[in-house]
Amino acid sequence: MKFEDLLLEIGGFGRFQILILFILCLPRINLPMHFLLHNFLAATPSHHCAIPHQEAFVNLTVEEVLLISMPREPDGTFRSCEMFSQPQFHLLLKSSLQPENNSIIQHCQHGWVYDHSQFTSTIATQWDLVCEQRGLNQVTATFFFIGVTMGAVVFGYLSDRFGRKAMLLLSLVCSVIFGMLSTASVSYSMLAITRTLTGVVLSGTSLITLPLGMEWVDIQHRTFSGILSSIFWSIGNMLLAMVAYLVREWHWLLVAVTGPCLLSAACLWWVPESAWWLIANGKVKQAHRHLLRCARMNGRKDFAVSPEEDVPLTTYAQRVVLQWNYKKPGESYSYISLFRTPVLQKISLCSGAVWFGVAFSYYGMSMNLTGFGLNMYLSQFVFGIIEIPAKMIVYVLVNQIGRRQSQAWALILTGLCIGANVIIPKSFTSLRSVVAIMGKGFSEAGFTTVFLYTSELYPTVLRQNGMGYTSFVARLGGALAPLVFLLDEVWRCLPEVTYCGVAGCCGLVAFLLPETLNVHLPEGIEDIE
(Lines give C-alpha, C1' and ligand atoms only; values in the text may rest on other atoms or scores of the structure.)
Protein backbone atom coordinates (compact mmCIF):
# COMPACT_ATOMS: atom_id res chain seq x y z
CA MET A 1 0.00 0.00 0.00
CA LYS A 2 1.43 3.35 -1.10
CA PHE A 3 0.43 6.85 -0.04
CA GLU A 4 -0.62 7.52 -3.66
CA ASP A 5 -3.27 4.79 -3.25
CA LEU A 6 -4.74 6.70 -0.34
CA LEU A 7 -4.72 9.91 -2.37
CA LEU A 8 -6.67 8.17 -5.13
CA GLU A 9 -9.23 7.02 -2.57
CA ILE A 10 -9.89 10.58 -1.35
CA GLY A 11 -9.48 12.23 -4.77
CA GLY A 12 -5.96 12.78 -6.06
CA PHE A 13 -6.76 15.92 -8.05
CA GLY A 14 -10.06 17.49 -7.09
CA ARG A 15 -11.29 20.85 -5.86
CA PHE A 16 -9.21 20.51 -2.71
CA GLN A 17 -5.92 20.14 -4.62
CA ILE A 18 -6.79 22.89 -7.13
CA LEU A 19 -7.50 25.33 -4.29
CA ILE A 20 -4.19 24.49 -2.58
CA LEU A 21 -2.19 24.83 -5.79
CA PHE A 22 -3.64 28.24 -6.65
CA ILE A 23 -3.05 29.58 -3.13
CA LEU A 24 0.55 28.32 -3.23
CA CYS A 25 0.99 29.99 -6.62
CA LEU A 26 0.53 33.45 -5.05
CA PRO A 27 3.95 33.45 -3.34
CA ARG A 28 5.47 32.01 -6.55
CA ILE A 29 4.46 35.22 -8.34
CA ASN A 30 6.35 37.28 -5.80
CA LEU A 31 9.59 35.29 -5.95
CA PRO A 32 11.00 36.53 -9.32
CA MET A 33 10.07 40.09 -8.36
CA HIS A 34 12.77 39.80 -5.68
CA PHE A 35 15.14 37.35 -7.35
CA LEU A 36 15.45 39.53 -10.50
CA LEU A 37 14.92 42.88 -8.79
CA HIS A 38 18.63 43.66 -9.13
CA ASN A 39 18.07 44.48 -12.82
CA PHE A 40 16.16 47.61 -11.84
CA LEU A 41 17.18 48.20 -8.22
CA ALA A 42 20.86 48.49 -9.18
CA ALA A 43 20.48 49.76 -12.76
CA THR A 44 23.29 52.11 -13.80
CA PRO A 45 22.06 55.02 -15.95
CA SER A 46 24.31 57.03 -18.27
CA HIS A 47 26.70 59.16 -16.24
CA HIS A 48 29.81 61.31 -16.44
CA CYS A 49 32.14 63.05 -14.04
CA ALA A 50 30.75 66.09 -12.26
CA ILE A 51 32.43 69.23 -13.60
CA PRO A 52 33.46 71.84 -10.99
CA HIS A 53 33.09 75.61 -11.46
CA GLN A 54 30.61 75.34 -14.31
CA GLU A 55 29.70 79.00 -13.78
CA ALA A 56 32.93 79.84 -15.62
CA PHE A 57 31.50 78.27 -18.77
CA VAL A 58 28.23 80.23 -19.00
CA ASN A 59 28.88 81.04 -22.67
CA LEU A 60 29.25 77.39 -23.64
CA THR A 61 26.56 74.82 -24.35
CA VAL A 62 26.32 71.64 -22.30
CA GLU A 63 27.85 69.66 -25.18
CA GLU A 64 30.79 72.08 -25.41
CA VAL A 65 31.42 71.92 -21.65
CA LEU A 66 31.58 68.13 -21.87
CA LEU A 67 33.84 68.38 -24.92
CA ILE A 68 36.53 70.39 -23.10
CA SER A 69 36.17 68.40 -19.85
CA MET A 70 35.87 64.73 -20.84
CA PRO A 71 38.03 62.44 -22.97
CA ARG A 72 36.24 60.34 -25.56
CA GLU A 73 36.03 56.65 -26.33
CA PRO A 74 37.06 55.43 -29.83
CA ASP A 75 33.37 55.38 -30.83
CA GLY A 76 33.03 59.09 -29.98
CA THR A 77 31.09 58.79 -26.71
CA PHE A 78 32.32 60.56 -23.59
CA ARG A 79 34.05 58.43 -20.97
CA SER A 80 32.02 57.78 -17.83
CA CYS A 81 34.85 57.49 -15.33
CA GLU A 82 37.53 59.98 -16.43
CA MET A 83 37.95 63.71 -16.94
CA PHE A 84 40.63 66.20 -17.93
CA SER A 85 42.58 67.74 -15.08
CA GLN A 86 42.27 71.11 -16.90
CA PRO A 87 39.73 72.27 -19.53
CA GLN A 88 40.96 71.57 -23.06
CA PHE A 89 39.64 74.65 -24.87
CA HIS A 90 41.48 73.82 -28.08
CA LEU A 91 39.03 70.95 -28.62
CA LEU A 92 36.36 73.55 -29.37
CA LEU A 93 38.21 74.23 -32.63
CA LYS A 94 38.86 70.61 -33.57
CA SER A 95 36.81 68.21 -31.52
CA SER A 96 38.15 65.12 -33.31
CA LEU A 97 41.65 65.81 -32.00
CA GLN A 98 42.03 63.99 -28.70
CA PRO A 99 44.99 64.79 -26.36
CA GLU A 100 47.80 62.25 -26.67
CA ASN A 101 49.17 63.11 -23.22
CA ASN A 102 47.40 60.78 -20.78
CA SER A 103 48.88 62.65 -17.82
CA ILE A 104 46.15 65.26 -18.11
CA ILE A 105 43.45 62.55 -17.74
CA GLN A 106 42.33 61.65 -14.22
CA HIS A 107 39.54 59.76 -12.48
CA CYS A 108 36.42 61.65 -11.44
CA GLN A 109 37.27 63.95 -8.54
CA HIS A 110 33.93 65.55 -7.73
CA GLY A 111 31.40 62.76 -8.05
CA TRP A 112 29.14 61.98 -10.99
CA VAL A 113 26.19 63.43 -12.85
CA TYR A 114 23.50 60.90 -13.81
CA ASP A 115 20.88 60.79 -16.52
CA HIS A 116 17.54 60.65 -14.68
CA SER A 117 15.36 60.30 -17.78
CA GLN A 118 14.86 56.56 -17.17
CA PHE A 119 15.33 56.19 -13.41
CA THR A 120 14.51 58.68 -10.69
CA SER A 121 17.03 56.91 -8.47
CA THR A 122 18.71 53.52 -8.06
CA ILE A 123 21.19 52.26 -5.50
CA ALA A 124 23.91 53.03 -8.07
CA THR A 125 22.98 56.73 -8.13
CA GLN A 126 22.23 56.79 -4.40
CA TRP A 127 25.73 55.70 -3.35
CA ASP A 128 27.76 56.29 -6.56
CA LEU A 129 28.29 52.58 -7.23
CA VAL A 130 29.96 53.19 -10.60
CA CYS A 131 33.47 53.07 -12.07
CA GLU A 132 35.84 51.89 -9.31
CA GLN A 133 32.79 50.99 -7.17
CA ARG A 134 31.07 49.06 -9.96
CA GLY A 135 31.92 45.78 -8.26
CA LEU A 136 29.92 46.77 -5.17
CA ASN A 137 26.90 47.33 -7.38
CA GLN A 138 27.16 43.85 -8.92
CA VAL A 139 27.89 42.17 -5.61
CA THR A 140 24.53 43.41 -4.25
CA ALA A 141 22.89 40.59 -6.20
CA THR A 142 25.54 38.20 -4.90
CA PHE A 143 24.72 39.19 -1.29
CA PHE A 144 21.05 38.41 -1.96
CA PHE A 145 21.84 34.99 -3.43
CA ILE A 146 24.27 34.21 -0.61
CA GLY A 147 21.30 34.77 1.67
CA VAL A 148 19.17 32.48 -0.51
CA THR A 149 21.96 29.89 -0.33
CA MET A 150 22.04 29.97 3.47
CA GLY A 151 18.24 29.92 3.59
CA ALA A 152 18.13 26.79 1.44
CA VAL A 153 20.10 24.90 4.07
CA VAL A 154 18.16 26.36 7.01
CA PHE A 155 14.64 25.97 5.62
CA GLY A 156 15.38 22.58 4.06
CA TYR A 157 16.09 21.27 7.54
CA LEU A 158 13.40 23.25 9.38
CA SER A 159 10.60 22.27 6.99
CA ASP A 160 11.47 18.59 7.47
CA ARG A 161 11.71 19.09 11.24
CA PHE A 162 8.74 21.39 11.97
CA GLY A 163 6.52 21.06 8.91
CA ARG A 164 6.03 22.71 5.54
CA LYS A 165 3.22 25.13 6.35
CA ALA A 166 4.67 26.66 9.53
CA MET A 167 8.01 27.35 7.85
CA LEU A 168 6.34 28.80 4.75
CA LEU A 169 4.36 31.21 6.92
CA LEU A 170 7.53 32.19 8.81
CA SER A 171 9.29 32.78 5.50
CA LEU A 172 6.59 35.11 4.15
CA VAL A 173 6.23 37.17 7.33
CA CYS A 174 9.98 37.65 7.67
CA SER A 175 10.17 38.58 3.97
CA VAL A 176 7.86 41.52 4.63
CA ILE A 177 9.90 42.61 7.66
CA PHE A 178 13.31 42.51 5.97
CA GLY A 179 11.94 43.89 2.70
CA MET A 180 10.62 46.97 4.46
CA LEU A 181 13.87 47.35 6.39
CA SER A 182 15.68 47.40 3.01
CA THR A 183 13.61 50.37 1.90
CA ALA A 184 14.69 52.26 5.02
CA SER A 185 18.42 51.67 4.37
CA VAL A 186 20.52 54.76 5.11
CA SER A 187 23.80 53.26 3.90
CA TYR A 188 25.02 50.68 1.41
CA SER A 189 26.10 48.39 4.27
CA MET A 190 22.58 48.39 5.74
CA LEU A 191 21.09 47.60 2.33
CA ALA A 192 23.56 44.74 1.77
CA ILE A 193 22.69 43.20 5.16
CA THR A 194 18.92 43.53 4.79
CA ARG A 195 18.94 42.21 1.22
CA THR A 196 21.00 39.22 2.40
CA LEU A 197 18.47 38.51 5.15
CA THR A 198 15.63 38.91 2.65
CA GLY A 199 17.32 36.27 0.53
CA VAL A 200 17.56 33.93 3.52
CA VAL A 201 13.83 34.03 4.28
CA LEU A 202 12.63 34.09 0.65
CA SER A 203 14.57 30.88 0.11
CA GLY A 204 12.03 29.19 2.34
CA THR A 205 9.19 30.30 0.07
CA SER A 206 11.06 29.07 -3.00
CA LEU A 207 11.91 25.76 -1.37
CA ILE A 208 8.61 24.81 0.27
CA THR A 209 5.80 25.84 -2.08
CA LEU A 210 6.40 23.17 -4.73
CA PRO A 211 6.82 20.10 -2.45
CA LEU A 212 3.87 21.18 -0.27
CA GLY A 213 1.60 21.24 -3.31
CA MET A 214 3.09 18.11 -4.88
CA GLU A 215 2.58 16.03 -1.74
CA TRP A 216 -1.19 16.52 -2.00
CA VAL A 217 -1.41 15.54 -5.70
CA ASP A 218 -1.62 12.07 -7.24
CA ILE A 219 1.10 10.73 -9.52
CA GLN A 220 -0.87 11.38 -12.72
CA HIS A 221 -1.10 15.14 -12.05
CA ARG A 222 2.35 15.67 -10.57
CA THR A 223 3.83 17.09 -13.77
CA PHE A 224 0.85 19.39 -14.37
CA SER A 225 1.12 20.72 -10.81
CA GLY A 226 4.81 21.47 -11.19
CA ILE A 227 4.27 23.26 -14.52
CA LEU A 228 1.34 25.28 -13.13
CA SER A 229 3.43 26.47 -10.20
CA SER A 230 6.25 27.36 -12.56
CA ILE A 231 3.96 29.39 -14.86
CA PHE A 232 3.20 31.74 -11.98
CA TRP A 233 6.95 32.41 -11.69
CA SER A 234 6.82 33.64 -15.30
CA ILE A 235 3.80 35.81 -14.51
CA GLY A 236 5.87 37.36 -11.72
CA ASN A 237 8.62 37.98 -14.27
CA MET A 238 6.24 39.96 -16.46
CA LEU A 239 4.73 41.81 -13.50
CA LEU A 240 8.21 42.89 -12.43
CA ALA A 241 8.72 44.57 -15.81
CA MET A 242 5.43 46.46 -15.44
CA VAL A 243 5.97 47.43 -11.80
CA ALA A 244 9.54 48.61 -12.51
CA TYR A 245 8.27 50.61 -15.51
CA LEU A 246 5.71 52.38 -13.30
CA VAL A 247 7.91 52.81 -10.20
CA ARG A 248 11.27 54.40 -11.07
CA GLU A 249 12.43 55.19 -7.51
CA TRP A 250 14.21 52.33 -5.79
CA HIS A 251 12.73 52.77 -2.29
CA TRP A 252 9.15 52.58 -3.58
CA LEU A 253 10.06 49.78 -5.97
CA LEU A 254 11.12 47.67 -2.98
CA VAL A 255 7.83 48.47 -1.23
CA ALA A 256 5.87 47.50 -4.35
CA VAL A 257 7.48 44.05 -4.67
CA THR A 258 7.46 43.29 -0.92
CA GLY A 259 3.85 44.17 -0.07
CA PRO A 260 2.25 41.16 -1.84
CA CYS A 261 4.00 38.80 0.60
CA LEU A 262 1.40 39.87 3.19
CA LEU A 263 -1.44 38.70 0.95
CA SER A 264 0.29 35.36 0.40
CA ALA A 265 0.77 34.90 4.16
CA ALA A 266 -2.91 35.66 4.82
CA CYS A 267 -4.07 33.13 2.21
CA LEU A 268 -2.08 30.31 3.86
CA TRP A 269 -4.89 29.97 6.39
CA TRP A 270 -6.71 27.73 3.86
CA VAL A 271 -3.67 25.52 3.15
CA PRO A 272 -3.30 22.38 5.31
CA GLU A 273 -0.04 20.81 6.37
CA SER A 274 1.21 18.01 4.12
CA ALA A 275 -0.51 14.76 5.15
CA TRP A 276 2.49 12.97 3.71
CA TRP A 277 4.81 14.81 6.11
CA LEU A 278 2.44 14.31 9.05
CA ILE A 279 2.29 10.52 8.55
CA ALA A 280 6.05 10.36 7.97
CA ASN A 281 6.52 12.04 11.34
CA GLY A 282 3.99 9.89 13.19
CA LYS A 283 1.27 12.58 13.47
CA VAL A 284 -1.40 10.26 12.14
CA LYS A 285 -4.43 11.81 13.85
CA GLN A 286 -3.69 15.25 12.43
CA ALA A 287 -3.07 13.76 8.98
CA HIS A 288 -6.39 11.94 9.22
CA ARG A 289 -8.23 15.21 9.89
CA HIS A 290 -6.75 16.82 6.75
CA LEU A 291 -7.42 13.72 4.65
CA LEU A 292 -11.05 13.75 5.77
CA ARG A 293 -11.34 17.41 4.81
CA CYS A 294 -9.86 16.61 1.40
CA ALA A 295 -12.27 13.71 0.84
CA ARG A 296 -15.31 15.82 1.75
CA MET A 297 -14.27 18.73 -0.48
CA ASN A 298 -13.63 16.34 -3.38
CA GLY A 299 -17.04 14.68 -2.92
CA ARG A 300 -15.65 11.33 -1.73
CA LYS A 301 -18.23 10.75 0.98
CA ASP A 302 -17.47 7.02 1.04
CA PHE A 303 -14.23 7.85 2.85
CA ALA A 304 -15.89 7.04 6.21
CA VAL A 305 -14.15 7.78 9.49
CA SER A 306 -14.75 7.60 13.21
CA PRO A 307 -13.89 10.55 15.46
CA GLU A 308 -13.00 8.35 18.41
CA GLU A 309 -9.31 8.26 19.09
CA ASP A 310 -9.17 4.49 19.60
CA VAL A 311 -10.98 3.60 16.37
CA PRO A 312 -8.88 2.98 13.23
CA LEU A 313 -8.90 5.78 10.66
CA THR A 314 -10.21 3.79 7.69
CA THR A 315 -9.25 0.52 6.14
CA TYR A 316 -7.05 2.35 3.64
CA ALA A 317 -5.54 4.84 6.05
CA GLN A 318 -4.81 2.11 8.59
CA ARG A 319 -3.03 -0.02 6.01
CA VAL A 320 -0.97 2.96 4.85
CA VAL A 321 0.10 3.79 8.37
CA LEU A 322 0.98 0.19 9.22
CA GLN A 323 2.63 -0.85 5.97
CA TRP A 324 4.20 2.38 4.70
CA ASN A 325 7.88 2.71 5.57
CA TYR A 326 7.49 6.11 7.10
CA LYS A 327 10.02 7.85 9.28
CA LYS A 328 9.44 6.76 12.86
CA PRO A 329 9.26 9.43 15.56
CA GLY A 330 12.75 10.05 16.89
CA GLU A 331 14.44 8.83 13.70
CA SER A 332 16.30 11.77 12.20
CA TYR A 333 17.83 12.48 8.83
CA SER A 334 20.30 15.19 7.89
CA TYR A 335 22.12 16.44 4.82
CA ILE A 336 24.81 13.83 5.51
CA SER A 337 22.14 11.20 4.84
CA LEU A 338 22.11 12.33 1.21
CA PHE A 339 25.58 10.82 0.77
CA ARG A 340 25.37 7.69 2.93
CA THR A 341 24.40 5.15 0.29
CA PRO A 342 25.91 4.68 -3.21
CA VAL A 343 22.82 5.51 -5.29
CA LEU A 344 21.89 8.51 -3.12
CA GLN A 345 25.47 9.74 -3.35
CA LYS A 346 25.42 9.61 -7.15
CA ILE A 347 22.01 11.33 -7.30
CA SER A 348 23.14 14.08 -4.93
CA LEU A 349 26.39 14.83 -6.75
CA CYS A 350 24.84 14.83 -10.23
CA SER A 351 21.69 16.75 -9.29
CA GLY A 352 23.86 19.33 -7.52
CA ALA A 353 25.88 19.87 -10.69
CA VAL A 354 22.70 20.17 -12.78
CA TRP A 355 21.16 22.70 -10.41
CA PHE A 356 24.35 24.78 -10.46
CA GLY A 357 24.36 24.83 -14.27
CA VAL A 358 20.66 25.67 -14.52
CA ALA A 359 20.83 28.58 -12.05
CA PHE A 360 24.17 29.89 -13.31
CA SER A 361 23.00 30.13 -16.94
CA TYR A 362 19.45 31.27 -16.08
CA TYR A 363 20.53 34.22 -13.95
CA GLY A 364 23.39 34.99 -16.30
CA MET A 365 20.87 35.54 -19.08
CA SER A 366 18.21 37.16 -16.88
CA MET A 367 20.60 39.82 -15.58
CA ASN A 368 21.85 40.83 -19.02
CA LEU A 369 18.76 42.75 -20.14
CA THR A 370 20.67 45.41 -22.10
CA GLY A 371 22.97 43.07 -24.00
CA PHE A 372 20.64 42.11 -26.85
CA GLY A 373 19.49 45.40 -28.34
CA LEU A 374 16.06 45.64 -26.64
CA ASN A 375 14.73 48.13 -24.10
CA MET A 376 15.36 46.66 -20.63
CA TYR A 377 11.68 46.75 -19.64
CA LEU A 378 10.71 45.08 -22.91
CA SER A 379 13.50 42.52 -22.47
CA GLN A 380 12.26 41.64 -18.98
CA PHE A 381 8.67 41.31 -20.23
CA VAL A 382 9.61 39.24 -23.31
CA PHE A 383 11.89 37.02 -21.22
CA GLY A 384 8.87 36.37 -18.98
CA ILE A 385 6.49 35.66 -21.87
CA ILE A 386 8.83 33.19 -23.60
CA GLU A 387 8.97 31.13 -20.41
CA ILE A 388 5.28 30.19 -20.68
CA PRO A 389 5.45 28.35 -24.04
CA ALA A 390 8.74 26.85 -22.83
CA LYS A 391 6.88 25.37 -19.85
CA MET A 392 4.11 24.07 -22.09
CA ILE A 393 6.66 22.30 -24.26
CA VAL A 394 8.31 20.91 -21.12
CA TYR A 395 4.92 19.56 -19.96
CA VAL A 396 4.71 17.51 -23.16
CA LEU A 397 8.37 16.49 -23.35
CA VAL A 398 8.84 15.28 -19.76
CA ASN A 399 5.90 12.91 -20.27
CA GLN A 400 7.01 11.79 -23.73
CA ILE A 401 10.80 11.53 -23.70
CA GLY A 402 11.24 11.58 -19.92
CA ARG A 403 12.74 13.88 -17.28
CA ARG A 404 16.38 13.01 -17.91
CA GLN A 405 16.45 13.73 -21.65
CA SER A 406 14.43 16.94 -21.20
CA GLN A 407 16.78 18.18 -18.48
CA ALA A 408 19.98 17.40 -20.35
CA TRP A 409 18.97 18.87 -23.72
CA ALA A 410 17.45 22.01 -22.18
CA LEU A 411 20.82 22.84 -20.61
CA ILE A 412 22.85 21.94 -23.70
CA LEU A 413 20.65 24.07 -25.99
CA THR A 414 20.86 26.97 -23.52
CA GLY A 415 24.64 26.84 -23.75
CA LEU A 416 24.53 26.71 -27.55
CA CYS A 417 22.32 29.83 -27.72
CA ILE A 418 24.61 31.75 -25.38
CA GLY A 419 27.62 30.65 -27.42
CA ALA A 420 25.94 31.67 -30.68
CA ASN A 421 25.56 35.25 -29.44
CA VAL A 422 29.31 35.38 -28.83
CA ILE A 423 29.82 34.81 -32.56
CA ILE A 424 26.95 36.92 -33.95
CA PRO A 425 28.10 40.57 -34.49
CA LYS A 426 26.45 43.21 -32.29
CA SER A 427 25.17 45.00 -35.41
CA PHE A 428 22.74 42.09 -35.99
CA THR A 429 20.53 43.20 -33.10
CA SER A 430 17.36 41.44 -34.31
CA LEU A 431 19.11 38.10 -34.74
CA ARG A 432 20.88 38.45 -31.39
CA SER A 433 17.54 39.21 -29.71
CA VAL A 434 15.85 36.15 -31.25
CA VAL A 435 18.72 33.85 -30.21
CA ALA A 436 18.75 35.34 -26.70
CA ILE A 437 14.98 34.84 -26.34
CA MET A 438 15.33 31.23 -27.51
CA GLY A 439 18.15 30.71 -25.02
CA LYS A 440 16.02 32.16 -22.24
CA GLY A 441 13.24 29.76 -23.19
CA PHE A 442 15.58 26.76 -23.05
CA SER A 443 17.01 28.02 -19.77
CA GLU A 444 13.55 28.27 -18.23
CA ALA A 445 12.69 24.82 -19.58
CA GLY A 446 15.73 23.53 -17.68
CA PHE A 447 14.66 25.28 -14.49
CA THR A 448 11.08 24.00 -14.75
CA THR A 449 12.27 20.44 -15.31
CA VAL A 450 14.84 20.42 -12.52
CA PHE A 451 12.29 21.42 -9.85
CA LEU A 452 9.98 18.60 -10.89
CA TYR A 453 12.81 16.12 -11.48
CA THR A 454 14.55 16.66 -8.14
CA SER A 455 11.34 16.34 -6.11
CA GLU A 456 10.93 12.87 -7.68
CA LEU A 457 14.53 11.72 -7.18
CA TYR A 458 14.62 11.88 -3.37
CA PRO A 459 12.56 9.77 -0.93
CA THR A 460 9.94 11.45 1.26
CA VAL A 461 12.06 11.22 4.41
CA LEU A 462 14.85 13.15 2.65
CA ARG A 463 12.91 15.17 0.07
CA GLN A 464 13.17 18.56 1.78
CA ASN A 465 16.80 17.92 2.71
CA GLY A 466 17.45 17.02 -0.92
CA MET A 467 15.65 20.11 -2.17
CA GLY A 468 17.53 22.18 0.39
CA TYR A 469 20.89 20.81 -0.71
CA THR A 470 20.24 21.25 -4.44
CA SER A 471 18.79 24.70 -3.85
CA PHE A 472 21.96 25.55 -1.90
CA VAL A 473 24.10 24.56 -4.88
CA ALA A 474 21.80 26.42 -7.27
CA ARG A 475 22.05 29.59 -5.24
CA LEU A 476 25.82 29.34 -5.37
CA GLY A 477 25.38 29.46 -9.14
CA GLY A 478 23.00 32.39 -8.79
CA ALA A 479 25.44 34.21 -6.50
CA LEU A 480 28.34 33.76 -8.92
CA ALA A 481 26.36 34.65 -12.06
CA PRO A 482 26.33 38.47 -11.59
CA LEU A 483 30.02 38.54 -10.66
CA VAL A 484 30.95 36.86 -13.96
CA PHE A 485 29.93 40.09 -15.76
CA LEU A 486 33.02 41.72 -14.23
CA LEU A 487 35.18 39.39 -16.35
CA ASP A 488 34.47 41.60 -19.38
CA GLU A 489 37.42 43.72 -18.22
CA VAL A 490 39.65 40.71 -19.01
CA TRP A 491 37.98 39.86 -22.33
CA ARG A 492 34.70 41.26 -23.60
CA CYS A 493 33.27 37.82 -24.47
CA LEU A 494 34.56 35.95 -21.41
CA PRO A 495 31.26 36.16 -19.42
CA GLU A 496 29.24 34.63 -22.28
CA VAL A 497 31.86 31.94 -22.92
CA THR A 498 31.75 31.03 -19.21
CA TYR A 499 27.95 30.75 -19.15
CA CYS A 500 28.03 28.68 -22.34
CA GLY A 501 30.66 26.23 -21.07
CA VAL A 502 29.05 25.66 -17.67
CA ALA A 503 25.57 25.07 -19.17
CA GLY A 504 26.88 22.55 -21.70
CA CYS A 505 28.96 20.56 -19.20
CA CYS A 506 26.18 20.38 -16.61
CA GLY A 507 23.76 19.27 -19.33
CA LEU A 508 25.99 16.27 -20.01
CA VAL A 509 26.02 15.40 -16.29
CA ALA A 510 22.19 15.18 -16.35
CA PHE A 511 22.47 12.02 -18.49
CA LEU A 512 23.90 10.23 -15.43
CA LEU A 513 20.69 10.64 -13.37
CA PRO A 514 17.98 7.92 -13.22
CA GLU A 515 14.68 8.35 -15.07
CA THR A 516 11.57 8.99 -12.89
CA LEU A 517 8.82 9.07 -15.53
CA ASN A 518 5.72 7.17 -14.27
CA VAL A 519 7.60 5.96 -11.19
CA HIS A 520 6.04 6.12 -7.72
CA LEU A 521 7.61 8.70 -5.45
CA PRO A 522 10.16 6.89 -3.26
CA GLU A 523 9.19 6.89 0.39
CA GLY A 524 12.23 5.50 2.18
CA ILE A 525 15.94 5.20 1.45
CA GLU A 526 15.48 1.51 0.69
CA ASP A 527 13.21 2.46 -2.22
CA ILE A 528 16.07 4.44 -3.76
CA GLU A 529 18.64 1.70 -3.28
(request) Rank GLN17, SER337, THR454 by how far each Cα sits towards the positive end of the charge dipole of the chain (+1 on Lys, Arg Cβ; -1 on Asp, Glu Cβ) and give me just the farthest. (result) GLN17
(request) Would you mind working out the accessible area per residue for the chain, using a 1.4 Å probe, and quoting it in Å²? (result) 41
(message) Please list, by residue number, every one of the GluC sites (Glu not before Pro) in the stretch 58-146 that is coil in DSSP and has at most 15 other beta-carbon atoms within 10 Å.
(response) GLU100
(message) Below 15 angstrom from the Cβ of LEU92, what's the summed charge of the other residues (Lys, Arg +1; Asp, Glu -1)?
(response) 0
(request) Compare ASP160, ASP75, ASP5 by solvent-accessible area with a 1.4 Å probe and give them largest first, with all protein chains kept in place. (result) ASP75, ASP5, ASP160
(request) Round to the nearest 0.05 the FRET efficiency obtained for PHE22 and ILE423 when R0 = 51 Å and r is the Cβ-Cβ distance. (result) 0.70
(message) Let me understand the chain better: what is its radius of gyration from the alpha carbons, and its Dmax, in angstrom?
(response) 26.5, 99
(request) Give the total of Lys-Lys pairs in the chain with Cα-Cα distances below 29 Å; include a pair only if its members are 8 or more places apart or on different chains. (result) 25
(request) Describe numerically, in nm with one decimal, the distance between label points set 7 Å from Cα along Cα→Cβ at ALA266 and at TRP127. (result) 3.3
(request) Roll a 1.4 angstrom probe over the protein heavy atoms and tell me the percent of accessible area of the chain that is carbon or sulfur. (result) 65
(request) Using only Cα atoms, tell me the angle between helix 494-509 and the longest principal axis of the chain; keep it within 0 to 90° and round to the nearest 10. (result) 20
(request) Keeping all protein chains in position, work out how much accessible area LEU268 exposes to a 1.4 Å probe, and write it in Å² to the nearest 10. (result) 10
(request) Give me the angle, in degrees from 0 to 90, between the Cα long axis of helix 222-246 and the longest principal axis of the Cα atoms of the chain, rounded to the nearest 10. (result) 30
(request) Please work out the FRET efficiency for the pair LEU431 and SER117, using the Cβ-Cβ distance as r and a Förster radius of 22 Å; give the result to the nearest 0.05. (result) 0.20
(request) Please work out how much length the chain gains when fully extended from ILE177 to LEU378, using 0.36 nm per residue of separation minus the C-alpha to C-alpha distance, in nm with one decimal. (result) 69.3 nm
(message) For a Förster distance of 45 Å, can you work out the FRET efficiency between the beta-carbons of LYS283 and THR341, rounded to the nearest 0.05?
(response) 0.95
(message) What's the magnitude of the charge dipole for the stretch 335-528 around its Cα centre, counting Lys and Arg as +1 and Asp and Glu as -1 at the beta-carbon? Answer in Debye, nearest 20.
(response) 240
(request) Please identify every one of the chymotrypsin sites (Phe, Trp or Tyr not before Pro) in the stretch 453-529 that sits in a loop by DSSP and has no more than 16 other beta carbons within 10 Å of its own beta carbon. (result) TRP491
(request) Compare the Cα positions of SER274, MET365, PHE89 along the charge dipole of the chain (+1 at Cβ of Lys, Arg; -1 at Cβ of Asp, Glu; about the Cα centre) and return the one farthest towards the positive end. (result) SER274
(request) For the stretch 452-457, just list the computed ³J(HN,Hα) in residue order, Karplus coefficients 6.51, -1.76 and 1.60, θ = phi - 60°, integers in Hz, with x standing in for Gly and Pro. (result) 5, 4, 5, 5, 9, 7
(request) Describe numerically, in nm with one decimal, the distance between label points set 7 Å from Cα along Cα→Cβ at LEU508 and at ILE219. (result) 3.4
(request) State to the nearest 20 debye the size of the charge dipole of the chain about its Cα centre, where the only charges are +1 on K and R beta carbons and -1 on D and E beta carbons. (result) 1080
(message) Could you give me D for the stretch 335-528, from Stokes-Einstein at 4 °C and 1.567 mPa s, where the hydrodynamic radius is the Kirkwood radius over C-alpha pairs? Units µm² s⁻¹, please.
(response) 76
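Please identify every one of the trypsin sites (Lys or Arg not before Pro) in the stretch 65-141 that sits in a loop by DSSP and has no more than 11 other beta carbons within 10 Å of its own beta carbon.
Sites meeting the loop and neighbour criteria: LYS94.
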(message) Which residue, ILE235, MET392, SER46, has the largest displacement toward the positive end of the dipole of the chain when charges sit on each Cβ (Lys, Arg +1; Asp, Glu -1)?
(response) MET392
(request) For the stretch 47-114, report the convex hull volume of the alpha-carbon atoms normalised per residue, in Å³, without decimals. (result) 87
(message) Every cysteine in the chain with no other Cys Cβ under 4.7 Å from its Cβ, please list them in numeric order.
(response) CYS25, CYS174, CYS261, CYS267, CYS294, CYS350, CYS417, CYS493, CYS500, CYS505, CYS506
(message) Compute, for the stretch 47-114, the length of the dipole vector about the Cα centre, with Cβ point charges of +1 (Lys, Arg) and -1 (Asp, Glu) only. Units Debye, rounded to 20.
(response) 60
(message) Only bridges whose two residues both fall in the chain count here: according to DSSP, what percent of them are antiparallel, nearest 5?
(response) 90
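The values are calculated or read from the model by the stated rules, or taken from the named source; none is laboratory data. Source: prediction; values computed, not measured. Don't worry about glycine lacking a Cβ; one is built from the backbone with ideal geometry, like all the others, and counts go over all protein chains shown. Only protein heavy atoms, including side chains, enter the accessible area calculation; ligands, DNA and RNA are left aside. Shrake-Rupley method; radii C 1.70, N 1.55, O 1.52, S 1.80 Å.
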